[in-house]
Structures are given as C-alpha cells and as structure tokens.
Amino acid sequence: METIDLHWSGTGLEFEAIRGEHRTLMDGNARLAATPVGLLLEALAGCTAADVVDILQKGRQDLQGLTVRASAQRNEVPPKYFRRVEMEFVLSGTVEPSKAERAVQLSFDKYCSVYHSLRPDIELSWRIVYET
C-alpha cells in the first residue's frame, strides 16, 4: 500500500507531501509549485516514459534520449477532470519505429498504472517523433 503524509503549510493552498525520504511541494494556486492536477499530468508522462525506456532497452534498441510532451484538456465545470490527453514522445538514437510504437502502446494498454488510474472515458492520442 502506498502511504503519504500531506501537510498544509498554513499559507494559501500550499502543501508538502512526504513519502519516506521524498518530499513533493504542491500549490493549488500554482505560485510556489505545481498544482495537484499538474502533478498528475507529470506523473502520467513519467510513468509512460519509464515504461517506454524500459521496454526499448530490453528490446536492445539504442535509445539515446526521450522527451515526453503532454497536454491535457480539462472539463469546463467541476469536477475539472482530464477529458483529453495528447502526448508526444520525442526519441533520439537508433530505434526501430515498430518497436517504439509497440513500447508506447504497451505502456498505455498494460503497464502504466497512472493511466489506468484515470477515468476510463478519457480521450488519448499520442505520436512519436524521431530526432536524428
């Protein structure tokens, strides 16, 4: 079971989450740190990125770099959940396109627990860009 302690700073909507030795700041007003929803988008990008790197390395691909660009459209009225997420995976190195596509698809279909923790009706689109 994952466990954190979340402490309010006493100012605005600023909080600190503590999990073991790790600390994460968040700010509901986005002044001091990322918002909780912003952190969720970061977590989604990080989760898929970790999967893609792991799958490509196990597939003996020469991945030299990976950048994930993620954007999300939120519901206009509360609750302002993610309605649509668009992700772009920018890869560098010598990676077979079919293996890169398989890695991204496997992340979303099977491995990324952050994605699978989101609403099932979320619209997702993604693409891969290859840098040389």
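The values are calculated or read from the model by the stated rules, or taken from the named source; none is laboratory data. Note that this is a predicted model, so its numbers are computed, not measured. Note: ideal-geometry Cβ built from the backbone for every residue, glycine included; neighbour counts use all protein chains shown. With ligands, DNA and RNA removed, areas are computed over all heavy atoms of the protein, side chains included. Shrake-Rupley method; radii C 1.70, N 1.55, O 1.52, S 1.80 Å.
See the values below:
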{"read-out": "Residue list for the stretch 76-95, filter: open to solvent by 60 Å² or more (accessible area, probe 1.4 Å) and assigned to a strand (DSSP E or B)", "value": "Arg83, Arg84, Glu86, Thr94"}
{"read-out": "Lone qualifier among Asp62, Asp51 - being of a type outside the set (A, V, I, L, M, F, W, C), surrounded by 15 or more Cβ atoms within 10 Å (Cβ to Cβ) and touching a residue at least 24 places away in the same chain (Cβ under 8 Å)", "value": "Asp51"}
{"read-out": "Unmet requirement for Gln73, which otherwise passes all of (1) part of a helix (DSSP H, G or I); (2) within 18 Å of Arg119 (Cα to Cα)", "value": "(1)"}
{"read-out": "The stretch 57-85: number of residues that are under 17 Å from the mean Cα position of the chain (by Cα) and among the basic types (Lys, Arg)", "value": "4"}
{"read-out": "So Lys99, is it in contact (Cβ under 8 Å) with a residue 40 or more places away in the chain, over 29 Å from Arg23 (Cβ atoms) and not acidic (Asp, Glu)", "value": "yes"}
{"read-out": "Test for Ser9: is it in contact with a strand residue (DSSP E or B) (Cβ under 7 Å, 6 or more places away or on another chain), without any contact (Cβ under 8 Å) to a residue 24 or more places away in the chain, hydroxyl-bearing (Ser, Thr, Tyr) and over 23 Å from Ile122 (Cβ atoms)", "value": "yes"}
{"read-out": "The stretch 57-86, residues that are closer than 22 Å to Ser125 by Cβ and either modelled with pLDDT under 95 or touching a Ser or Thr at 6+ places or on another chain (Cβ under 7 Å) (or both)", "value": "Val68, Glu86"}
